[in-house]
Structures are given as C-alpha cells and as structure tokens.
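Reading through the structure tokens given below for one structure.
The values are calculated or read from the model by the stated rules, or taken from the named source; none is laboratory data. The shown structure was predicted, so the numbers you read here are calculated from the model rather than taken from an experiment. We place every Cβ from the backbone using ideal geometry, glycine too, and count neighbours over all the protein chains shown.
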Amino acid sequence: MTAPRTILHADLDAFYAAVEQRDDPALRGKPVIVGGLGPRGVVATASYEARAFGVRSAMSMARARKLAPGAVYLRPRMRDYVAVSRQVFAIFDGFTPLVEGLSLDEAFLDVGGSRRLFGDGETIARSIRQAVRETTGLGISVGVASNKFVAKVASDLRKPDGLVVVPPGEEARFLAPLAISRLWGAGPRLVERLRGLGLDRIRDLQALAPEDLRRILGDRAGGHFGALARGLDDREVSNQRETHSISRETTFARDVCDQARLERVLAELARDVGRRLRHACLRARCIRLKLRLPDFHTFSRQHHPARAIDRDADLIAEGRALLHRLHDEGMPVRLIGLGGADLVEAEAQEQLELFGAEAEARAEGLQDALDRIRARFGAEAIRPLDDDAPSS
C-alpha cells in the first residue's frame, strides 16, 4: 500500500503590504493598501488592518478608498517583492526539490522524500516558518495534508502566521464543517445554487450519494466536487516552471481614441515584453494584441511571424500591424496589451538566408547594445524622440 503523501501549502501573509510594513516601521499596525492609485486602480494586497474595513484584493481602489478613507495607499514596489520572494523560495528549495510556485508569495511543496532529513510534515512546516521569519522578517501560513486541496484549505484557516496540520485519514472530517465556498472551483453562482438547495456546508455534499450530486451538477462537476468534499485530490506537485507566454498591458486613466498615442504606448509595452523575452532566453512565434473598450468588451488578434522574434523593433512592428487591423481611429480604448506566446528557446534559431545573415547580425548587435545601456543607466536612457510613456 502506498504511503500517504506529505504536501505543504505555504502562503506569505498579505505579502506586498507586509513588506511595506516591514520596511517602514511607521506603517506597522496601520491599514496599508497596495495597488494602482489611478481612478481605475485595483487593490493588489491589503494588510490585515485594512481587511478589517472590508478591503480585499482585486477590489477597485475607488471602493477601497470609500471603505477605508484613512488607510495608507501605496504603489507596488515589484522589484523589492521579487527579491523577497526569491529569498523565500530559496528556503523552500532547501527542504525539497518538489516546489510548485503559484505566485510570488505562494507555493505547494511535496516533502514526502525529505522526512528522513528534516522530520515529518509538521516539523518541516515549523522549520520553514522559522527560517522565513529569521531571513525576511515576514510571517507565513502553512497547511500540511496528504494532498494539495486540503493543504490549501488548511493554510487559509488560521491566517496570519498560522499552521494547520490535517493527519492522513482525517481529510473528510476536517472539511465537513466548512462552507462549500471553500471547495476549489466553487464560484459565487454555484455556491448560490447549492445553498438554494439547502447545501451550505461541505458535510451536506458528503451526505449526498455520488449519483445524486452528478444529477444536480452534471457528471463532470458532480464528480469533481464530490471528490473534493471527501478530501480527495490526486494532483501531483510539479516543479516544472515553464513559461507559456510573456505579456504586458496597461489601463488608461482616461479612454484613449488617438491611434498615434496608442502606437506610442504599444511600443513601450513591446519593449518591456522584448526585454523579458531576452532575459529568459526565449523568442515568441505568436504575437497577440488585446484591446478593451469602455464597456469592458475585449477584442484580441494574433499573428505568427515568419520566424520567432524577441527584438524590440520586430515586436513593435508586429504590434502596430495588429493594432491597425483591430482599431478604428476614434474608437475609445480603456486597456491595451501586447504579448508573445508559443515560446521557444532563443538558441533554436531558424536558418537565415545567405544575404540576410549580415543584416541579422547587425540587428542583434544593436539590440544587445541597447540592452546594455538600459541595464546600466535605466529603461528611460534611450527612447525614440516621439515616444511617450503609457498612462495607467
């Protein structure tokens, strides 16, 4: 019989806001809200003091200001958050090679193979929490269970800085008193529908025969939620951190109709996408453009260039061609985005035409020179004369 797995779900508490409070002692104990500060900004993270006012991640910043007018509002410092995240993931990697990062502040760890070295799941979880606290000064909540779903639910129960262990065989009993909204994939509509049938707690789903749940929700959803309600989840922890696409978008403070301005913003997005592609040693075989209108209708177009690309000039040209296909002069645009997909390693270059090799080499050299200058003096060191930064 196969031994139960030991899965940890680790989640840094109110990550962005916690970093801000750590770095500025004057913010400790105060409601801190991090996100876009423009009229269309969105909350990225709210400290627990801010959550007491009802502020939540993904809420519009306008609503957050109404709920917590006295809070401290800050723009994200992504470079600092990434640096802290790398410290934390280095700690994870010290306990197991099976680390599945979900975001900068959240990961699953399979520590089943680490027990001889570091102890059981609870011992490893305590060691991780202590190491994170000593290294970064931040709190982290950890759930320990035999599978990913139960570990995730466990880590959420005693935030902040909590530790919850669910022993093997206790998964269904642990889940039974919890609300059905805890089930992975149970959105507001499904929750409302189930509550309308008198199904409010996970124990209510556990009491249903599998065929009854399938009759209510359909074969696929019924099987999915029936298994989760009983604490069953056979997903493996995957440490394959493959990048499928790289994209960048910006939301305008006011709708933009002028195509020339859209082109300038698009060029800025293309340069950022190009920089990230080159940093990851990747090229894109598909370029995608996204436009969102004031009524939130979203349109997209894509094109596959003749060869995989990563240079700014190529990305800008592809983006502008797609923009001309998708945008009519005078059409108001709320959001614009550009991305590269179908990514390949930069070394996997297509064979060049005989008389194109020299021009290709010159273009590569120019891009390398631009990257070195921007790396040393900043992204704004070299810009076209008519180029404007995007408004967001």
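Working only within region 182-200, note down all residues that are in contact with a Leu (Cβ under 9 Å, 6 or more places away or on another chain) and either surrounded by 17 or more Cβ atoms within 10 Å (Cβ to Cβ) or not in a loop (DSSP other than H, G, I, E, B) (or both).
Within region 182-200, Arg182, Leu183, Ala186, Leu190, Val191, Arg193, Leu194, Leu199 meet the criteria.
Checked against (1) in contact (Cβ under 8 Å) with a residue 40 or more places away in the chain; (2) crowded, with 18+ Cβ neighbours inside 10 Å, Cys257 passes all but condition (2).
Condition test on Val142, is it aliphatic (A, V, I, L, M), in a helix (DSSP H, G or I) and assigned by TED's automatic domain parsing to the domain that holds Asp105?
Criteria not met by Val142.
When residues in region 18-39 are screened for being assigned to a helix (DSSP H, G or I) and in contact with a helix residue (DSSP H, G or I) (Cβ under 7 Å, 6 or more places away or on another chain), 4 of them pass. Remark: pairs (first residue in region 203-225, farther than 18 Å from Arg173 by Cβ; second residue part of a helix (DSSP H, G or I) and among the small types (Gly, Ala, Ser); Cβ separation under 7 Å; 6+ apart in sequence or on different chains) = Pro210/Gly226; Leu213/Gly222; Leu213/Gly226; Arg214/Gly222; Arg214/Gly223; Ile216/Gly222.
Remark: Gly41 matches the filter, which requires a residue to be modelled with pLDDT under 95 and either within 23 Å of Ser103 (Cβ to Cβ) or out of contact with any Phe, Trp or Tyr (no Cβ under 6 Å at 6 or more places or on another chain) (or both). Look at Gly223 and say whether it is in contact with a helix residue (DSSP H, G or I) (Cβ under 8 Å, 6 or more places away or on another chain) and within 30 Å of Tyr48 (Cα to Cα). Here the answer is no, as Gly223 does not meet what is asked. In summary, Arg288 fulfils each of the numbered conditions (1) in a strand (DSSP E or B); (2) under 30 Å from Ala10 (Cα atoms) with the single exception of condition (2).
For region 41-72, which residues satisfy the criterion of being under 19 Å from Gln21 (Cβ atoms), basic (Lys, Arg) and in a helix (DSSP H, G or I)? The one that is under 19 Å from Gln21 (Cβ atoms), basic (Lys, Arg) and in a helix (DSSP H, G or I): Arg51.
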